[in-house]
Amino acid sequence: RAKSEARGAFRFFEPEMDARIQARRLLEQDLREALVAEAFELNYQPIYDLASDRICGFEALLRWNHPARGRVSPAEFIPVAEEIGLIVPLGEWVLRRACAEASRWPDGIKVAVNVSAVQFTSASLVTAVRDALRGSGLPGRRLELEITESVLVANPGATTAILHSLKGLGVRVSMDDFGTGYSSLSYLRSFPFDKIKIDQSFVRDLGAPNGTDFIVRAVIGLGDSLGMTTTAEGVETEEQLATLRAEGCDEVQGYLFSRPVPVEDVPAVIRRWNGAIHRAIA
Ligand code: C2E
Ligand code: MG
Ligand code: MG
Ligand code: MG
(Lines give C-alpha, C1' and ligand atoms only; values in the text may rest on other atoms or scores of the structure.)
(Ligands and ions follow the chains in the order given, each with its own letter.)
Protein backbone atom coordinates (compact mmCIF):
# COMPACT_ATOMS: atom_id res chain seq x y z
CA ARG A 1 0.00 0.00 0.00
CA ALA A 2 2.87 2.31 0.87
CA LYS A 3 4.22 1.77 -2.61
CA SER A 4 1.02 2.75 -4.36
CA GLU A 5 0.67 5.78 -2.11
CA ALA A 6 4.17 6.86 -3.01
CA ARG A 7 3.34 6.44 -6.67
CA GLY A 8 0.20 8.43 -6.17
CA ALA A 9 2.19 11.16 -4.52
CA PHE A 10 4.63 11.15 -7.37
CA ARG A 11 1.85 11.52 -9.92
CA PHE A 12 0.39 14.30 -7.80
CA PHE A 13 3.59 16.36 -7.93
CA GLU A 14 4.43 15.52 -11.51
CA PRO A 15 2.44 18.26 -13.26
CA GLU A 16 3.81 20.87 -10.88
CA MET A 17 7.36 19.74 -11.51
CA ASP A 18 6.70 19.69 -15.23
CA ALA A 19 5.53 23.29 -15.02
CA ARG A 20 8.72 24.30 -13.21
CA ILE A 21 10.97 22.56 -15.71
CA GLN A 22 8.93 24.07 -18.53
CA ALA A 23 9.24 27.58 -17.07
CA ARG A 24 12.95 27.09 -16.65
CA ARG A 25 13.35 25.92 -20.27
CA LEU A 26 11.45 28.96 -21.45
CA LEU A 27 13.69 31.24 -19.40
CA GLU A 28 16.79 29.62 -20.89
CA GLN A 29 15.45 29.96 -24.42
CA ASP A 30 14.41 33.58 -23.84
CA LEU A 31 17.86 34.39 -22.45
CA ARG A 32 19.61 32.98 -25.52
CA GLU A 33 17.30 34.93 -27.80
CA ALA A 34 17.71 38.09 -25.74
CA LEU A 35 21.48 38.01 -26.21
CA VAL A 36 21.08 37.78 -29.99
CA ALA A 37 18.36 40.44 -30.04
CA GLU A 38 20.34 42.70 -27.68
CA ALA A 39 17.36 42.93 -25.34
CA PHE A 40 19.72 43.81 -22.49
CA GLU A 41 20.83 47.21 -21.35
CA LEU A 42 23.01 48.64 -18.64
CA ASN A 43 21.91 51.00 -15.91
CA TYR A 44 24.46 52.95 -13.92
CA GLN A 45 24.57 53.78 -10.22
CA PRO A 46 26.95 56.51 -9.02
CA ILE A 47 29.76 55.80 -6.56
CA TYR A 48 30.49 58.79 -4.36
CA ASP A 49 33.94 59.61 -2.98
CA LEU A 50 33.74 60.98 0.56
CA ALA A 51 37.16 62.69 0.61
CA SER A 52 36.44 64.90 -2.42
CA ASP A 53 32.63 64.91 -2.06
CA ARG A 54 32.26 64.02 -5.71
CA ILE A 55 31.08 61.16 -7.86
CA CYS A 56 34.14 59.15 -8.86
CA GLY A 57 32.47 56.42 -10.90
CA PHE A 58 29.41 54.38 -11.77
CA GLU A 59 28.61 50.70 -11.35
CA ALA A 60 27.12 49.06 -14.45
CA LEU A 61 24.08 46.92 -13.59
CA LEU A 62 22.55 44.62 -16.16
CA ARG A 63 18.86 44.98 -17.03
CA TRP A 64 16.74 42.60 -19.07
CA ASN A 65 13.53 43.88 -20.51
CA HIS A 66 11.58 40.71 -21.18
CA PRO A 67 8.90 41.08 -23.91
CA ALA A 68 6.20 39.43 -21.77
CA ARG A 69 7.45 39.54 -18.18
CA GLY A 70 8.84 43.07 -18.14
CA ARG A 71 11.98 43.69 -16.13
CA VAL A 72 13.59 40.50 -14.90
CA SER A 73 16.02 40.90 -12.01
CA PRO A 74 19.67 39.98 -12.57
CA ALA A 75 19.47 38.03 -9.31
CA GLU A 76 17.07 35.71 -11.16
CA PHE A 77 18.67 35.40 -14.59
CA ILE A 78 22.42 35.62 -13.87
CA PRO A 79 22.46 32.21 -12.08
CA VAL A 80 20.59 30.66 -15.03
CA ALA A 81 22.98 32.27 -17.52
CA GLU A 82 25.86 30.80 -15.50
CA GLU A 83 24.41 27.31 -15.54
CA ILE A 84 23.76 27.22 -19.28
CA GLY A 85 27.14 28.76 -20.14
CA LEU A 86 25.59 31.93 -21.52
CA ILE A 87 27.31 34.08 -18.90
CA VAL A 88 30.56 34.23 -20.87
CA PRO A 89 29.14 35.83 -24.05
CA LEU A 90 26.70 37.89 -21.96
CA GLY A 91 29.48 39.08 -19.66
CA GLU A 92 31.61 39.99 -22.66
CA TRP A 93 28.73 42.02 -24.05
CA VAL A 94 28.48 43.84 -20.69
CA LEU A 95 32.22 44.58 -20.74
CA ARG A 96 32.13 45.96 -24.29
CA ARG A 97 29.02 48.03 -23.67
CA ALA A 98 30.19 49.44 -20.33
CA CYS A 99 33.61 50.43 -21.72
CA ALA A 100 32.05 52.01 -24.82
CA GLU A 101 29.54 54.01 -22.78
CA ALA A 102 32.07 55.06 -20.13
CA SER A 103 34.55 56.21 -22.78
CA ARG A 104 32.21 59.18 -23.39
CA TRP A 105 32.20 60.26 -19.73
CA PRO A 106 34.57 62.82 -18.17
CA ASP A 107 38.09 61.50 -17.62
CA GLY A 108 37.89 61.29 -13.82
CA ILE A 109 34.84 59.02 -13.88
CA LYS A 110 35.41 55.25 -13.71
CA VAL A 111 33.11 52.38 -14.54
CA ALA A 112 32.72 49.25 -12.41
CA VAL A 113 31.62 46.00 -14.07
CA ASN A 114 30.40 42.88 -12.25
CA VAL A 115 32.08 39.69 -13.37
CA SER A 116 30.60 36.33 -12.41
CA ALA A 117 32.80 33.57 -10.98
CA VAL A 118 32.24 31.41 -14.06
CA GLN A 119 33.29 34.22 -16.38
CA PHE A 120 36.24 35.20 -14.23
CA THR A 121 38.00 31.87 -14.50
CA SER A 122 37.03 31.32 -18.16
CA ALA A 123 40.03 31.26 -20.49
CA SER A 124 38.86 34.33 -22.38
CA LEU A 125 38.42 36.92 -19.60
CA VAL A 126 41.74 38.75 -19.92
CA THR A 127 41.45 38.83 -23.72
CA ALA A 128 37.85 40.08 -23.45
CA VAL A 129 38.91 42.89 -21.11
CA ARG A 130 41.83 43.86 -23.38
CA ASP A 131 39.53 43.88 -26.43
CA ALA A 132 36.86 45.93 -24.67
CA LEU A 133 39.47 48.54 -23.68
CA ARG A 134 41.03 48.65 -27.15
CA GLY A 135 37.69 48.77 -28.93
CA SER A 136 36.40 51.65 -26.82
CA GLY A 137 39.61 53.58 -26.19
CA LEU A 138 38.83 53.55 -22.45
CA PRO A 139 42.08 53.63 -20.46
CA GLY A 140 42.49 50.57 -18.23
CA ARG A 141 42.75 52.76 -15.13
CA ARG A 142 39.12 53.79 -15.63
CA LEU A 143 37.81 50.23 -15.45
CA GLU A 144 37.11 48.31 -12.25
CA LEU A 145 36.00 44.69 -12.14
CA GLU A 146 33.88 43.47 -9.23
CA ILE A 147 34.14 39.84 -8.22
CA THR A 148 32.66 37.96 -5.28
CA GLU A 149 34.35 35.68 -2.79
CA SER A 150 33.02 32.58 -4.56
CA VAL A 151 35.68 33.12 -7.24
CA LEU A 152 38.47 32.68 -4.72
CA VAL A 153 36.99 29.61 -3.12
CA ALA A 154 36.40 27.91 -6.47
CA ASN A 155 39.87 28.34 -7.86
CA PRO A 156 42.47 30.28 -5.84
CA GLY A 157 45.44 29.35 -8.04
CA ALA A 158 43.96 30.51 -11.33
CA THR A 159 42.56 33.62 -9.66
CA THR A 160 45.96 34.96 -8.65
CA ALA A 161 47.31 34.63 -12.18
CA ILE A 162 44.23 36.32 -13.68
CA LEU A 163 44.35 39.17 -11.15
CA HIS A 164 47.97 39.86 -12.06
CA SER A 165 47.21 39.87 -15.80
CA LEU A 166 44.38 42.33 -15.22
CA LYS A 167 46.70 44.57 -13.20
CA GLY A 168 49.03 44.51 -16.18
CA LEU A 169 46.23 46.18 -18.16
CA GLY A 170 45.90 48.87 -15.48
CA VAL A 171 42.48 47.57 -14.44
CA ARG A 172 41.44 47.62 -10.77
CA VAL A 173 39.71 44.72 -9.05
CA SER A 174 37.18 44.95 -6.20
CA MET A 175 35.93 42.32 -3.79
CA ASP A 176 32.11 42.65 -4.00
CA ASP A 177 29.60 41.79 -1.24
CA PHE A 178 32.43 41.39 1.25
CA GLY A 179 31.52 39.40 4.35
CA THR A 180 28.69 37.38 2.84
CA GLY A 181 30.67 34.53 1.27
CA TYR A 182 32.79 31.70 2.55
CA SER A 183 36.28 33.03 2.09
CA SER A 184 38.70 33.55 4.94
CA LEU A 185 40.40 36.78 5.89
CA SER A 186 43.72 35.40 4.68
CA TYR A 187 42.38 35.65 1.10
CA LEU A 188 42.54 39.42 1.42
CA ARG A 189 46.24 39.17 2.12
CA SER A 190 46.99 36.74 -0.72
CA PHE A 191 45.00 38.46 -3.46
CA PRO A 192 45.86 41.89 -4.79
CA PHE A 193 42.47 43.58 -4.52
CA ASP A 194 42.24 47.33 -4.81
CA LYS A 195 38.87 47.72 -3.13
CA ILE A 196 36.54 46.05 -0.65
CA LYS A 197 32.82 46.61 -1.13
CA ILE A 198 31.00 46.29 2.20
CA ASP A 199 27.79 44.37 1.56
CA GLN A 200 24.52 46.24 1.92
CA SER A 201 23.29 43.81 4.59
CA PHE A 202 25.88 45.33 6.97
CA VAL A 203 25.04 48.89 5.96
CA ARG A 204 21.31 48.34 6.44
CA ASP A 205 21.70 47.47 10.14
CA LEU A 206 24.03 50.33 11.05
CA GLY A 207 22.82 52.10 14.17
CA ALA A 208 20.22 49.40 14.94
CA PRO A 209 20.09 47.77 18.37
CA ASN A 210 22.58 44.88 18.13
CA GLY A 211 23.55 46.52 14.84
CA THR A 212 26.50 45.92 12.55
CA ASP A 213 28.53 49.03 13.40
CA PHE A 214 31.39 46.96 14.80
CA ILE A 215 31.60 44.84 11.63
CA VAL A 216 31.64 47.88 9.37
CA ARG A 217 34.31 49.51 11.55
CA ALA A 218 36.43 46.36 11.41
CA VAL A 219 36.20 46.04 7.63
CA ILE A 220 37.14 49.70 7.13
CA GLY A 221 40.13 49.17 9.44
CA LEU A 222 41.09 46.04 7.52
CA GLY A 223 40.93 47.93 4.23
CA ASP A 224 43.04 50.73 5.67
CA SER A 225 45.79 48.46 6.90
CA LEU A 226 45.87 46.52 3.61
CA GLY A 227 45.94 49.70 1.53
CA MET A 228 42.56 48.93 -0.04
CA THR A 229 39.75 51.39 -0.72
CA THR A 230 36.50 50.65 1.15
CA THR A 231 33.12 51.25 -0.49
CA ALA A 232 29.82 50.87 1.36
CA GLU A 233 26.88 49.56 -0.69
CA GLY A 234 23.18 50.17 -0.16
CA VAL A 235 23.43 53.52 1.65
CA GLU A 236 19.86 54.75 1.99
CA THR A 237 19.80 57.19 4.91
CA GLU A 238 21.66 60.27 6.08
CA GLU A 239 22.33 58.48 9.39
CA GLN A 240 24.09 55.59 7.66
CA LEU A 241 26.12 58.07 5.62
CA ALA A 242 27.15 60.05 8.72
CA THR A 243 28.31 56.86 10.46
CA LEU A 244 30.28 55.71 7.42
CA ARG A 245 31.94 59.12 7.12
CA ALA A 246 32.84 59.13 10.81
CA GLU A 247 34.33 55.63 10.53
CA GLY A 248 36.53 56.71 7.62
CA CYS A 249 34.87 54.77 4.80
CA ASP A 250 36.26 55.99 1.45
CA GLU A 251 33.30 55.66 -0.89
CA VAL A 252 29.53 55.16 -0.68
CA GLN A 253 26.85 54.00 -3.06
CA GLY A 254 23.10 53.68 -2.63
CA TYR A 255 19.62 55.04 -3.18
CA LEU A 256 20.45 58.06 -0.96
CA PHE A 257 22.52 59.35 -3.89
CA SER A 258 20.74 57.76 -6.81
CA ARG A 259 19.08 54.59 -8.03
CA PRO A 260 20.75 52.97 -11.03
CA VAL A 261 19.84 55.15 -14.05
CA PRO A 262 19.78 54.65 -17.84
CA VAL A 263 22.95 55.78 -19.60
CA GLU A 264 21.27 58.96 -20.95
CA ASP A 265 20.84 60.21 -17.40
CA VAL A 266 24.49 59.77 -16.39
CA PRO A 267 25.52 63.35 -17.36
CA ALA A 268 22.66 64.82 -15.29
CA VAL A 269 23.65 62.73 -12.26
CA ILE A 270 27.25 63.92 -12.61
CA ARG A 271 26.10 67.55 -12.93
CA ARG A 272 23.85 67.22 -9.91
CA TRP A 273 26.63 65.98 -7.61
CA ASN A 274 29.80 67.37 -9.16
CA GLY A 275 28.47 70.68 -10.51
CA ALA A 276 29.74 74.01 -9.22
CA ILE A 277 26.92 74.28 -6.71
CA HIS A 278 26.56 70.68 -5.66
CA ARG A 279 24.65 69.89 -2.51
CA ALA A 280 27.08 68.64 0.12
CA ILE A 281 25.29 65.99 2.14
CA ALA A 282 25.95 65.01 5.73
P1 C2E B 1 25.76 43.95 -6.68
O2 C2E B 1 26.89 43.95 -7.64
O3 C2E B 1 26.10 43.82 -5.24
O4 C2E B 1 24.96 45.28 -6.99
C5 C2E B 1 24.30 46.03 -6.03
C6 C2E B 1 22.80 45.79 -6.05
O7 C2E B 1 22.21 46.58 -5.02
C8 C2E B 1 22.11 46.23 -7.33
O9 C2E B 1 21.00 45.36 -7.53
C10 C2E B 1 21.64 47.63 -6.98
O11 C2E B 1 20.57 48.09 -7.79
C12 C2E B 1 21.21 47.42 -5.57
N13 C2E B 1 21.24 48.67 -4.78
C14 C2E B 1 21.98 49.78 -4.97
N15 C2E B 1 21.75 50.71 -4.03
C16 C2E B 1 20.84 50.18 -3.20
C17 C2E B 1 20.20 50.68 -2.00
O18 C2E B 1 20.44 51.79 -1.52
N19 C2E B 1 19.31 49.84 -1.40
C20 C2E B 1 19.03 48.59 -1.89
N21 C2E B 1 18.13 47.85 -1.24
N22 C2E B 1 19.62 48.10 -3.02
C23 C2E B 1 20.51 48.89 -3.66
P24 C2E B 1 20.68 44.74 -8.97
O25 C2E B 1 20.93 45.75 -10.03
O26 C2E B 1 19.34 44.10 -8.88
O27 C2E B 1 21.79 43.63 -9.13
C28 C2E B 1 21.81 42.51 -8.28
C29 C2E B 1 23.07 41.71 -8.47
O30 C2E B 1 23.10 41.12 -9.78
C31 C2E B 1 24.36 42.53 -8.38
O32 C2E B 1 24.71 42.75 -7.03
C33 C2E B 1 25.33 41.63 -9.11
O34 C2E B 1 25.79 40.60 -8.26
C35 C2E B 1 24.43 41.00 -10.18
N36 C2E B 1 24.65 41.72 -11.46
C37 C2E B 1 24.11 42.86 -11.91
N38 C2E B 1 24.60 43.18 -13.12
C39 C2E B 1 25.49 42.21 -13.45
C40 C2E B 1 26.36 41.95 -14.58
O41 C2E B 1 26.44 42.73 -15.55
N42 C2E B 1 27.12 40.81 -14.54
C43 C2E B 1 27.09 39.96 -13.47
N44 C2E B 1 27.86 38.86 -13.52
N45 C2E B 1 26.31 40.17 -12.40
C46 C2E B 1 25.53 41.28 -12.38
MG1 MG C 1 28.65 44.87 -7.75
MG1 MG D 1 27.59 44.19 -4.01
MG1 MG E 1 25.10 42.98 -3.05
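The values are calculated or read from the model by the stated rules, or taken from the named source; none is laboratory data. Nothing here was measured: the structure is a model prediction, and the numbers come from that model. Glycine gets a Cβ as well: all are built from the backbone with ideal geometry, and neighbour counts include every protein chain shown. Note: accessible area is taken over every heavy atom of the protein model, side chains too, but ligands, DNA and RNA are not part of it. Shrake-Rupley method; radii C 1.70, N 1.55, O 1.52, S 1.80 Å.
What is the gain in length, in nm to one decimal, between E239 and E264 on full extension, counting 0.36 nm per residue of separation less the C-alpha to C-alpha distance?
6.0 nm
Have a look at P209, P262, P139 and tell me which one the Gaussian network model of the chain (Cα, springs below 10 Å) gives the largest fluctuation.
Top of the fluctuation ranking is P209.
Build a GNM of the chain with springs between Cα atoms under 10 Å: which of S124, S186, S52 gets the top mean-square fluctuation?
S186
Quick one: if you stick a label point 7 Å off each Cα along the C-beta vector at I215 and S184, how many nm between them?
2.1
Can you send over the carbon and sulfur percentage of the accessible area for the chain, probe radius 1.4 Å, protein chains only?
Here carbon and sulfur together make up 54 percent of the probe-accessible area.
Compute, for region 105-156, the length of the dipole vector about the Cα centre, with Cβ point charges of +1 (Lys, Arg) and -1 (Asp, Glu) only. Units Debye, rounded to 20.
My answer is approximately 200 debye.
Sum -39500 (n - 2.57) across every DSSP H segment of at least 4 residues in the chain, then divide by the residue count to get the 222 nm mean residue ellipticity, nearest 500.
Taken over the chain, the calculation gives -15500 deg cm²/dmol.
Once Rh for the chain is found with the Kirkwood sum over Cα pairs, what is the Stokes-Einstein diffusion coefficient at 25 °C and 0.890 mPa s, in µm²/s?
The calculation lands on 120 µm²/s.
Which residue fluctuates the most in the chain, going by a Gaussian network model with Cα springs under 10 Å, if the choices are E59, E238, E101?
Its mean-square fluctuation being the largest, the pick is E238.
Of all trypsin sites (Lys or Arg not before Pro) in region 199-282, which ones are in loop regions per DSSP and have a Cβ with at most 16 other Cβ atoms within 10 Å?
Passing sites in region 199-282 are R279.
Across the chain, how many lysine pairs, 8 or more positions apart or on different chains, have C-alpha atoms separated by under 22 Å? Please give the number.
The number of close lysine pairs in the chain is 5.
If you take the beta carbon distance between V36 and A154 as r and set R0 to 25 Å, what does 1/(1 + (r/R0)^6) give as a FRET efficiency, to the nearest 0.05?
Step by step, r from the Cβ atoms, then E = 0.30.
Extending each Cα 7 Å along its Cβ direction at L26 and A123, get the distance between those two points in nm, one decimal.
That separation, rounded to one decimal, is 3.7 nm.
With every atom except the alpha carbons ignored, what do you get for Rg and Dmax of region 85-211, in angstroms?
15.3, 50
Between R54 and I84, what is the label-to-label distance in nm when each label sits 7 Å out along the Cα-to-Cβ direction?
4.4
Skip the ligands, DNA and RNA, and give the accessible area per residue of region 16-161 with a 1.4 Å probe, whole Å².
45
How would region 98-152 be classified by its alpha-carbon gyration tensor: rounded, prolate or oblate, with rounded meaning a/c under 1.5 and the a/b versus b/c comparison settling the rest?
oblate
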